[in-house]
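The values are calculated or read from the model by the stated rules, or taken from the named source; none is laboratory data. For clarity, every value in this text was computed on a predicted model and none was experimentally measured. Note: ideal-geometry Cβ built from the backbone for every residue, glycine included; neighbour counts use all protein chains shown.
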Amino acid sequence: MTDKPVLVSVDGGVGRLVLNRPKAINALNDEMVDLMATALRAWRDDDAITAVVLSGAGERGLCAGGDIVSIHRDAKALSEAGADDAAAAACPSAVFWREEYQLNSEIAKFPKPYVALMDGIVMGGGVGVSAHANTRIVTDTTRLAMPETGIGFVPDVGGTHLLSQIADHLGVYLGLTAASINGADAIALGVADHYIPSADLDAFVAAIAATSVDEAIAQYAQTPPESALFAQRDWIREAFAADTVAEIVRRCEAVDPSSPHKAAADKAASTLRSKSPTTLAVTLRTLREPLPTLDEALHREYRVSLRCVRGHDMAEGIRAQVIDKDRNPSWNPASIDAVTAADVDAYFAPLPDGLELTIVEP
């Protein structure tokens, strides 16, 4: 049924999941998460299924994230009402996050080859359904990012777990600035496994069905180009090792004017000054204090997500970037120096009884 938002099929023992909302760059909604989870649970123990391939319909990308407009409705209502954790946990966005984070966990634990074609735009929720896969394919068109800080949110869908494992503080840089990376960068940073030109993906998938995942990779994978981001790791390592967002900004601005990376450092500083001071501080805390497992990271991310959706900055950030598109958010507090340790601590406090995220083992 081609009108379904996820096309589920089987070809030669390979389960196919095609995200099918191309006009929205396959942004995830509740039905899509449910369709994916149902298929994966059926295929886990089905001996006829040897592998799963995830891809996106259309030419723009795998998945641009979640339904931001719906989240804005919840965030606006909750923040204006001064809602508590219980009200936030009952909103549609929180219900969606619980199901989405459960899916992220199941993808990471899937016992068969799960091949994610990270072609084109792969952002936010799109990272969650692909970057936890055991076989991650990037291409010459890949544009991958965790863009949450730009809308007063924090990296979720296990993004904090992925970013915290990237060496040289490059994950901190990506999480705070919301910068996008290409396929070569993703390979160099360890968030993808193989590089295959976009034009070869159809033949690659056909080869999986005709032979196996390993043979198809051997036939089509190529050595990626050099990573431009990886080449900047020295100044990023120095600047983003700081313990506070304010000090990171200061170190970016202090990069030697004669450095070939001075323009990139100044851009990073300017970018950080434009984003929600509170969610920058919260994001930095999560990346400075990594948890050992994806499930633990998802548990903490859910706490933080609830506090974001009922706070001021998420509603305001989405308004400025997506609803009114004036690109002029009014953050509260407005400056990096005005965010207190108590402000940040509140995002990580345990939720009331019965509200914590529970990951159910598949």
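Can you tell me which residue is nearest to residue 113 (Cα to Cα) among those in region 170-185 that are under 13 Å from the mean Cα position of the chain (by Cα) and of a type in the set (A, V, I, L, M)? Per the stated criteria, the residue is 181.
For residue 298, the criteria (1) of a type in the set (A, V, I, L, M); (2) free of Cβ contacts under 8 Å to residues at least 12 places away in the same chain; (3) within 16 Å of residue 97 (Cα to Cα) hold in every case but one, which is (2). Based on this model, can you work out whether residue 289 counts as more than 25 Å from residue 247 (Cα to Cα) and either surrounded by fewer than 18 Cβ atoms within 10 Å (Cβ to Cβ) or more than 16 Å from the chain's Cα centre (by Cα) (or both)? Here the answer is no, as residue 289 does not meet what is asked. Whether any residue in region 229-240 is touching an Asp or Glu at 6+ places or on another chain (Cβ under 7 Å) and aromatic (Phe, Trp, Tyr) is what I want to check. Within region 229-240, one or more residues are touching an Asp or Glu at 6+ places or on another chain (Cβ under 7 Å) and aromatic (Phe, Trp, Tyr).
Taking residues in region 145-161 that are more than 14 Å from residue 93 (Cβ to Cβ), and partners anywhere that are assigned to a loop (DSSP other than H, G, I, E, B) and among the polar types (S, T, N, Q), the pairs with Cβ atoms closer than 6 Å and at least 6 places apart or on different chains are 145/180. Checking each residue in region 290-325 for being of a type in the set (Val, Ile, Thr) and assigned to a helix (DSSP H, G or I) picks out 304, 309, 318, 322, 323.
Evaluating residue 51 against the criteria (1) among the small types (Gly, Ala, Ser); (2) in contact (Cβ under 8 Å) with a residue 24 or more places away in the chain; (3) out of contact with any helix residue (DSSP H, G or I) (no Cβ under 7 Å at 6 or more places or on another chain) leaves one unmet condition, (3). Against the test of being at pLDDT 95 or above, among the basic types (Lys, Arg) and part of a helix (DSSP H, G or I), the options 237, 136 yield a single qualifying residue, 237. Among the residues of region 297-312, those identified as touching a helix residue (DSSP H, G or I) at 6+ places or on another chain (Cβ under 8 Å), farther than 21 Å from residue 173 by Cα and not hydrophobic (A, V, I, L, M, F, W, C) are 302, 303, 307, 310, 311, 312. Right, residue 25: surrounded by 14 or more Cβ atoms within 10 Å (Cβ to Cβ), of a type in the set (A, V, I, L, M) and over 20 Å from residue 135 (Cβ atoms) or not? So residue 25 fits the description; yes.
Of all residues in region 201-232, count the ones that are touching a helix residue (DSSP H, G or I) at 6+ places or on another chain (Cβ under 7 Å) and surrounded by 18 or more Cβ atoms within 10 Å (Cβ to Cβ). So the count comes out to 9.
Results for (1) in a strand (DSSP E or B); (2) free of Cβ contacts under 8 Å to residues at least 60 places away in the same chain; (3) of a type in the set (Ser, Thr, Tyr), shown as yes or no for each residue.
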residue: 37; (1), (2), (3): no, no, no
residue: 42; (1), (2), (3): no, yes, no
residue: 62; (1), (2), (3): yes, no, no
residue: 100; (1), (2), (3): no, no, no
residue: 122; (1), (2), (3): yes, no, no
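What are the residues in region 240-266 that are under 28 Å from residue 311 (Cα atoms) and either of a type in the set (Val, Ile, Thr) or not in a loop (DSSP other than H, G, I, E, B) (or both), if any? Result: 244, 245, 246, 247, 248, 249, 250. The lone criterion from (1) in contact (Cβ under 8 Å) with a residue 12 or more places away in the chain; (2) within 25 Å of residue 235 (Cα to Cα); (3) within 19 Å of the chain's Cα centre (by Cα) left unmet by residue 317 is number (2).
Exactly one residue out of 322, 309 is over 17 Å from residue 162 (Cβ atoms), among the hydrophobic types (A, V, I, L, M, F, W, C) and at pLDDT below 95, and it is 322.
Per the conditions (1) more than 19 Å from residue 30 (Cα to Cα); (2) modelled with pLDDT under 95, the sole criterion not satisfied by residue 67 is (1).
If I filter region 279-289 for residues that are more than 20 Å from residue 151 (Cα to Cα), charged (D, E, K, R), in contact with a helix residue (DSSP H, G or I) (Cβ under 8 Å, 6 or more places away or on another chain) and in a loop (DSSP other than H, G, I, E, B), do I get at least one hit? No; the residues of region 279-289 include none that is more than 20 Å from residue 151 (Cα to Cα), charged (D, E, K, R), in contact with a helix residue (DSSP H, G or I) (Cβ under 8 Å, 6 or more places away or on another chain) and in a loop (DSSP other than H, G, I, E, B). Summed over region 319-357, the residues that are aromatic (Phe, Trp, Tyr) and either exposed (fewer than 11 other Cβ atoms within 10 Å of the Cβ) or in contact with a Pro (Cβ under 9 Å, 6 or more places away or on another chain) (or both) give a count of 1. If you check residue 159 against the conditions, is it among the small types (Gly, Ala, Ser), closer than 30 Å to residue 315 by Cα and at pLDDT below 95? No; evaluated as a whole, the condition is false for this residue.
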